[in-house]
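Please treat every number below as a calculation from the coordinates, not as lab data. Just so you know, these numbers come straight off a predicted model, no measurement behind them. Positions of Cβ are generated from backbone atoms using ideal geometry, with glycine treated the same way; all protein chains shown enter the neighbour counts.
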Amino acid sequence: MKEKKKKSFDFTLLLHIIIVILIIVIIVAFFNIAGQKNVNQMVKNTENIYKEKLEDSEKISNEIKSNKQIQKPKPYEKYDFKYNYVVNIKGDVKNLNIKIPLPSDENEKQYISGLRIFPSPTRTYHDGINNIAEYKFDRYSSGILDITLVGTANVRTYDLDTAKILNKNISKEKDLTKYLKPSFLIESEDGYVKRIAKRIKGKTKEEIVANIYEYTQNVLTYTSIQQDIGAREALRIRKGKCSEYAAVMTALCRAKNIPARIVCGNIARDTFQKHTWVEVYFDKYGWVAYDPTQTISFVNIYNNGKLVRKERRIISDKSNLRYIASSRNDFSPWYLTYSSYERTSSDMSVKENITIKKSKL
């Protein structure tokens, strides 16, 4: 009987199996590394995108904070007004002439509607700056003349902040000469006024005007003076009411060759209050309102908890006041004036009854 041959172990097959396994492991490892690399790249890309979006967001946020174009200008408010003037005439008057400046449209500042005058004036006309209602009488006997003016005003304060936000092309004033010369109680050519103006400095027109505004507030103390005394006298005694504040600022601007004018009218609120303020002309913005009678405000600017500077804010209507303007560039009047060429032993007086009520837009 023949013996069976023993089967020998097939090392060749085992080697092939090991090689296949190694190849599989290498392939899996390669894809894992490549996949992880792709994941890492994706994470990095995501982080970069997030970082870019964050930077863009911060950039947009900073632009919103600094860009005046994005901010909204002061809104208009609507007021119904009634101006009543009772002229009491004692004795006969010849050639009586009465003039009343009429509130009129002013671009970006106020728009007047429904304006009516009782009784009808002899004529209405434009004097080059203001609209005027005029009454003429050859003779007026002793008695009372009752004149009433009613209308509606949509108004806002066109200060420098509002002007910069709107940034519109305002039609340029053709002749600024009358806003640079001295006029009644605005003594811009007076030696004393000019010496003070010379001391007020600034690198730009805006800065000079801001410094004049601040100087006027700092040097004057509000005092109810019976008569209008003008810029020079107000600077000398360092006191006055709104008329004097406005006269001083206007005179100092003109002395620095900056066009400025007086504006007379009423503060638009239920409690009647006549008021005088200032408008300064800028080539970019037109006539910009400043109210030197209002107090100045300062804002502290901090960086990492440390005070870096104190910023001055020139806000002409600190209390968000609105104004209804009646006349511009005349120191007086802001209400009825009268004159007569021939007068007997007459005595004339004017009593004002003015009502302003806020209404819905």
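Tabulated results
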quantity: Loop GluC sites (Glu not before Pro), region 185-267 (other Cβ atoms within 10 Å of the site Cβ: 16 or fewer; DSSP); calculated: GLU189
quantity: Region 199-242: relative contact order in percent, alpha carbon pairs under 8 Å with at least 6 residues between; calculated: 34
quantity: Residues ASP291, ASP330, ASP127 arranged by fewest to most Cβ contacts within 10 Å; calculated: ASP127, ASP330, ASP291
quantity: Flagged links, alpha-carbon separation over 28 Å, of LYS178/LYS357; LYS82/LYS205; LYS136/LYS239; LYS178/LYS198; calculated: LYS178/LYS357; LYS82/LYS205; LYS136/LYS239
quantity: R0 of 35 Å, Cβ-Cβ distance LEU176-TYR76: FRET efficiency to nearest 0.05; calculated: 0.80
